[in-house]
Amino acid sequence: MSNTLLIAQSTMEQEIDALLAKMTLEEKIGQMNLYSGFYDATGPAPEGGSAATKYEHLRKGWVGAMLNVRGAEETRKLQEIVVNESRLGIPLIFGLDVIHGQKTLAPVPLAEAASWDMELIKKSAAIAANEAAAEGVHWTFAPMVDISYDPRWGRVMEGGGEDPYLGAKIATARVKGFQGDDLSSTTTIAACAKHFAGYGFAEAGRDYNTVDVGTYTLYNRVFPPFKAAVDAGVKTFMNGFHLLNGEPVTGSARLQREILKGKWGFDGFVVSDWGSVAEMIAHGHAKDSTHASQIGVKAGSDMDMASGSYLKNLVGLVKDGKIDEANIDEAVRRILKVKMELGLFDDPYKYSDLEREKERIYHPDHQAGVLEMAKKSIVLLKNEGNLLPLSKNQKGIVVIGDLADDKNSPLGSWRLASENNTAVSVLEGIDAITKEYQFVQGPKVFLEASFLQHVKINETDNNGMKEAVEAAKNAEVVVMVLGEHGFMSGESRSRTNIDLPGLQLKLLKEVYKVNQNVVLVLMNGRPLALPWEAENIPSILETWQLGSQSGNAIAQVLFGDENPSGKLPMTFPRSVGQVPIYYNAYSTGRPVNKEGNVFWSHYADEENSPLYAFGHGLSYTTFNYSDLNINANDSKNIQVSVTITNSGSRAGEEVVQLYLHDPVSTLVRPVKELKGFQKIALEPGASLTVSFTLTDKELGLYNRDYEWVVEAGEFRVMVGGSSEKGLTGSFEIE
Ligand code: NOJ
């Protein structure tokens, strides 16, 4: 650390100590209290907590932070109350779920993960931070870095997919994007790595459900993105609603004190999830709200989101000697430190500026940034007979599907500050490129849905089916835009059925009967099970939910202005019965079918393999891999190189992926694990040699005692364009 930085830090610590010395116990506890604002609730309303009470508590200095408050005017108004009317005038932090943008929306995080482009992901987070900061927001509850292989879980849209290595890179990029180099700048906001830890393993994909994971999974799959977030300097962590291996994570001293703050040296603060302190009662871990508060503080949950338990109980707990005031001081120190780093003590209103708000929201640079991100997030799943790209002179294009003119669904879930119907629809995007098409809506599949309502799907309204089939009959090419409504994924949007909802598959089959030249454009917030579609439809484009510029990005890919380069960050199953399914699974003791023997690890009614594997994604050009070279002379610095040639006729980008396998290990290793990737661009006919360096970091694993070990013996390498196949080789470690 440089001398100037050391001096700045010690000055900050002195200032915090001086402030702490002036604070009453009630005021300290107030800093640990996070209230929700007056609208846009993102959870069940807590008991009590009327607006009048909240204002009174603000004046008393009993509120440290607020969420679900935004806008330069609104944030300034609340900040003024605290700064001018509370005894010590300690500024509030305003937090919001800025998950993939404020008003200008980027693709949902799972879509961004499909780009495998860390610079773009970082830039996208920086755009989100820039707009959020202009609306007075200081703190986002992102990135969600929960690894998950369960597409039934609606929150997979909010994460980076199933792989810890890719997930760790994305965590780093997003934290750096949100926080920038200077947290006190009015273009950056504090990030929050969540939900520590294991939330992506909620049993059966049901939100808020129990998590039970073993040592290998916890240390080697769940932790890496969180650890990466700490190393990237993330300012805050959020725990979660769930029980992990028998203990609510909100009450876990092992996770929060021992591992996060202890082993990893995290020096920011930990916020609970919405009401999760009080939910320890329902879990069967705390007998009442006092007990829950005691457990929470002891475990290192520094700030209580929305439950009001700390405010109600901590004074009594300290006075009764059940909590040491030093525990309170430690939490408050952490919170004040982040406030100082945000620059709020220098100017509490610096983020609340009406002029800046006007200038930055929907800034053309932001629109350009999210368009670029959207284009790179699209994955070409299948392209038989090169039906795509369509020619701009192509006649007889018919576009079918409810989602084609939907300006809301492409915005996706988790968009608290955005405006409805602000996405460029697919039709508008196509319109900008060619006017030569006809649109038929088909059956109206979706009914209106808002963030707080459950999405209803109209299962019976066949209106439009006949018209769609008629139009398809005479079409040269049919573009079908099908998938999920924007609010079918996200928090509390778990599904047991991950097929195309409603009448869409029926519509697709009817259309296919009369015209096989079908391009299927998918919009969804999670992997879907699409066996019939994959078997029959020649071209399938996965577009997820791409945000504000969705239609432009999709149209540019459809008509070849952009060559798709995305790769799946999550496995697509053949059916929901295969879930959880993931590429980095274990071999099992019975991995292969020995001539008709039934006793091997398989299903009687389905293949083991996925529909589309992790890392899969096609291009309008082709890439040839050759010359795999491995130099393992220095076991601490192994060099792997491979040559990639663009063997097609278009310029394109490829994600070169390196997978490792350790075939003999004390804690058994998965059959393959991603340990390196590079996204490269190649002109037609051009070649590039790509090199990877493997060190202890790539070769090792965490053992049962959370020690990093590299075990001697053979390691196998595969390098290719997906997790499915590639060039293979091996080396030995002594
Ligand atoms: C509950 C969610 O689990 C969490 O991720 C989110 O940040 C909070 N609600 C606040 O909205």
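Taking the conditions (1) in contact with a Ser or Thr (Cβ under 8 Å, 6 or more places away or on another chain); (2) away from the ligand (no atom under 16 Å from the Cβ); (3) at pLDDT below 95 in turn, Leu387 satisfies each one other than (3).
Applying the selection to the range 211-237, what residues are of a type in the set (Ser, Thr, Tyr) and touching a strand residue (DSSP E or B) at 6+ places or on another chain (Cβ under 6 Å)? Residues satisfying the conditions are Tyr219, Thr236. Flag not set for Phe178, criterion: hydrophobic (A, V, I, L, M, F, W, C), under 27 Å from Lys697 (Cβ atoms) and open to solvent by 20 Å² or more (accessible area, probe 1.4 Å). I want to confirm something. Restricting to the range 642-665 and keeping residues that are assigned to a loop (DSSP other than H, G, I, E, B) and of a type in the set (A, V, I, L, M), which single residue is least open to solvent (accessible area, probe 1.4 Å)? Going through the qualifying residues, I end up with Ala651. Scanning the range 202-216 for residues that are open to solvent by 10 Å² or more (accessible area, probe 1.4 Å) and farther than 18 Å from Leu260 by Cβ yields Glu203, Ala204, Arg206, Asp207, Tyr208, Asn209, Thr210, Asp212, Gly214, Tyr216.
Tell me, please, whether a residue that is closer than 30 Å to Ile259 by Cα and hydrophobic (A, V, I, L, M, F, W, C) can be found in the range 344-358.
yes
Out of Glu119, Glu112, one residue alone is touching a residue at least 40 places away in the same chain (Cβ under 8 Å), away from the ligand (no atom under 16 Å from the Cβ) and surrounded by fewer than 23 Cβ atoms within 10 Å (Cβ to Cβ). It is Glu119. When the range 723-734 is filtered for residues that are crowded, with 19+ Cβ neighbours inside 10 Å and touching a Lys or Arg at 6+ places or on another chain (Cβ under 7 Å), only Ser723 remains. Restricting attention to the range 151-202, and to residues there that are in contact with a strand residue (DSSP E or B) (Cβ under 7 Å, 6 or more places away or on another chain) and away from the ligand (no atom under 16 Å from the Cβ), which single residue is farthest from Ala613 (Cα to Cα)? Selected residue: Leu183.
Candidates are the residues of the range 122-147 that are more than 14 Å from the ligand (Cβ to nearest atom) and not in a helix (DSSP H, G or I); the one that is surrounded by the fewest Cβ atoms within 10 Å (Cβ to Cβ) is Glu135.
For first residues located in the range 612-639 and free of Cβ contacts under 8 Å to residues at least 12 places away in the same chain, partners that are open to solvent by less than 40 Å² (accessible area, probe 1.4 Å) and lie 6+ apart or on another chain with Cβ distances below 7 Å form the pairs Asn631/Ile638.
Each row is one residue, and each column tells you yes or no for (1) at pLDDT 95 or above; (2) not in a strand (DSSP E or B).
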site	(1), (2)
Glu607	yes, yes
Leu667	no, yes
Lys675	yes, no
Ala681	yes, no
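Tell me, yes or no, whether the range 180-187 has at least one residue that is under 14 Å from the mean Cα position of the chain (by Cα) and under 17 Å from Met118 (Cα atoms). No, the range 180-187 contains no residue that is under 14 Å from the mean Cα position of the chain (by Cα) and under 17 Å from Met118 (Cα atoms).
In contact (Cβ under 8 Å) with a residue 24 or more places away in the chain and either closer than 30 Å to Leu528 by Cβ or in the same structural domain as Ala681 (by TED's automatic domain parsing) (or both) - does that describe any residue in the range 64-73? Full working, then the answer.
Filtering the range 64-73 for residues in contact (Cβ under 8 Å) with a residue 24 or more places away in the chain gives 64-73.
Among the residues that remain, those that are also either closer than 30 Å to Leu528 by Cβ or in the same structural domain as Ala681 (by TED's automatic domain parsing) (or both) are: none.
No, that holds for no residue.
Scanning the range 254-279 for residues that are surrounded by fewer than 24 Cβ atoms within 10 Å (Cβ to Cβ), over 17 Å from Asp212 (Cα atoms) and more than 16 Å from the ligand (Cβ to nearest atom) returns Arg257, Glu258, Ile259, Lys261, Gly262, Lys263, Trp264, Gly265, Asp267.
Reported count of residues in the range 388-421, each being more than 29 Å from Lys509 (Cβ to Cβ) and open to solvent by 50 Å² or more (accessible area, probe 1.4 Å), is 5. Ser352 meets the conditions (1) in contact (Cβ under 8 Å) with a residue 12 or more places away in the chain; (2) part of a helix (DSSP H, G or I) in every case but one. The failed one is (2). Look at Ala282 and say whether it is surrounded by fewer than 23 Cβ atoms within 10 Å (Cβ to Cβ), part of a helix (DSSP H, G or I) and within 16 Å of the ligand (Cβ to nearest atom). When the stated conditions are applied, Ala282 passes them. Every listed requirement among (1) in contact (Cβ under 8 Å) with a residue 12 or more places away in the chain; (2) part of a loop (DSSP other than H, G, I, E, B); (3) farther than 27 Å from Ile121 by Cβ is met by Asp705 save one, (1).
Could you please let me know if Lys679 is of a type outside the set (Val, Ile, Thr), within 16 Å of Leu166 (Cα to Cα) and surrounded by 15 or more Cβ atoms within 10 Å (Cβ to Cβ)? Taking the combined requirement at face value, the residue satisfies it.
Looking at the structure I just gave you, is Asp288 over 23 Å from Lys337 (Cα atoms), of a type in the set (D, E, K, R) and away from the ligand (no atom under 16 Å from the Cβ)?
When the stated conditions are applied, Asp288 passes them.
Given the criteria basic (Lys, Arg) and open to solvent by 60 Å² or more (accessible area, probe 1.4 Å), does Arg704 qualify? Criteria met by Arg704.
The values are calculated or read from the model by the stated rules, or taken from the named source; none is laboratory data. Remember, predicted model here, so these are calculated numbers, not experimental data. Note that we place each Cβ from the backbone using ideal geometry, even for glycine, and neighbour counts take in every protein chain shown. The protein model used for the area step is the full one, side chains on, heavy atoms only, and it has no ligands, DNA or RNA in it. Shrake-Rupley method; radii C 1.70, N 1.55, O 1.52, S 1.80 Å.
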